[in-house]
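Let me begin by presenting the structure, written as structure tokens, before commenting on it.
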Amino acid sequence: MRLKYVLNEVLVGLWRNVTMTVAMIITMSVSLTMLGASVLLYMQVDQMKNFYYGEIEVSIFLRDDVTDAQKSAIDQAIANNALTESRQYESKQDAFKKFQVIWRDSPDFIKSVTPDSLPESYRVKLKDPEQYGAFADQMRGMQGIQDIVDQRELLKKVFDIFNSIQLMALVVAGVMALAALLLVGNTIQVAAYSKRREVAVMKLVGASNWFIQAPFVLEAVAAGLVGAILGFVFLFISKVVLLDGRLQALTNVLTPIPNGNVWLMLPLLAGVGALVSAVTAWVTLRFYLRV
């Protein structure tokens, strides 16, 4: 009987303050969407690091005046190096073909470049990419080498951008979460004020603190759960429509987001939404009702 009364009071409270309830749900859904997006981005950046760092190569560019003897010595030094896992020689013609593919959308730029303007190179994959410094030190003194480039340095700049975006998403999620907390607290205060006489009567007849607070806390939890579900739906639709649809070409650069990671956001957002709403409502009632 008590449970039925509490649930009935929750439904009545949500409907009585429907405008503020809708506002609370929308604010909570936006903040939880941003939280879910930032968590997905964090997971994706880690996945991309593992993928791309595993494919990292060291590029050894040769001088234009490199001799066959110098080239043979460089090839032998790479092959005999204990840090080398594999190597691939790239001639001027091979470099030019790759250049044509990369800049195929800029034919005028392609016409301004000839194979002779591109250097020969070796693409070396190391057993441990972290040993680039030691490998570069061993190779740098050899004649015929113009430059040694670690692709990891280029990727680091890209990942720095992703980390900045991730931080911005977390900041926005934090601001929206603060707005949601204030709105939840304000909604609970309004609900408690509208039922202040009923609360006073329940105190007089000896109702427990839990029994008085339960309907208000459950109202906030219900709004938090609905907001979490809406946030998850928005994330899932965005993934299907944008990343798997219109922006699918980005998968050539960005590793695809597994559906499992997206589904993992549902319990995460639901747990965060329910917990934050419940704690906020309980704290607000402790200060407002003094029960």
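So here's what we get for this one:
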quantity: Filter result for Q100 (surrounded by 11 or more Cβ atoms within 10 Å (Cβ to Cβ) and under 27 Å from A69 (Cα atoms)); calculated: no
quantity: Condition check for S59: modelled with pLDDT of 85 or more and under 23 Å from D150 (Cα atoms); calculated: no
quantity: Options P107, P119: the member that is open to solvent by less than 90 Å² (accessible area, probe 1.4 Å) and in contact (Cβ under 8 Å) with a residue 40 or more places away in the chain; calculated: P119
quantity: Residues that are of a type in the set (S, T, N, Q) and touching a helix residue (DSSP H, G or I) at 6+ places or on another chain (Cβ under 7 Å), drawn from region 98-120; calculated: Q100
quantity: Test for D64: is it more than 33 Å from the chain's Cα centre (by Cα), assigned to a loop (DSSP other than H, G, I, E, B) and exposed (fewer than 15 other Cβ atoms within 10 Å of the Cβ); calculated: yes
quantity: Cross-chain or 6+ apart pairs with Cβ under 9 Å, region 170-191 first and over 18 Å from V283 (Cβ atoms) and assigned to a helix (DSSP H, G or I), then open to solvent by 80 Å² or more (accessible area, probe 1.4 Å) and at pLDDT 75 or above; calculated: L170/Y42
quantity: Long-range neighbours under 9 Å by Cβ, at least six apart or interchain, first residue of a type outside the set (V, I, T) within region 61-81, second part of a helix (DSSP H, G or I) and open to solvent by 60 Å² or more (accessible area, probe 1.4 Å); calculated: D64/D116; A77/Q138; N81/Q138
quantity: Near pairs, Cβ below 7 angstrom, 6+ apart or cross-chain, from region 25-48 (among the aromatic types (F, W, Y)) to any residue that is surrounded by fewer than 21 Cβ atoms within 10 Å (Cβ to Cβ); calculated: Y42/Q166
quantity: Members of region 78-97 that are under 19 Å from D65 (Cα atoms), in contact with a helix residue (DSSP H, G or I) (Cβ under 8 Å, 6 or more places away or on another chain) and either part of a helix (DSSP H, G or I) or open to solvent by 80 Å² or more (accessible area, probe 1.4 Å) (or both); calculated: Y89, K92, Q93, A95, F96
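The values are calculated or read from the model by the stated rules, or taken from the named source; none is laboratory data. Everything quoted here is computed from the prediction, not taken from an experiment. Positions of Cβ are backbone-derived with ideal geometry, glycine not excepted, and every protein chain shown enters the neighbour counts. Only protein heavy atoms, including side chains, enter the accessible area calculation; ligands, DNA and RNA are left aside. Shrake-Rupley method; radii C 1.70, N 1.55, O 1.52, S 1.80 Å.
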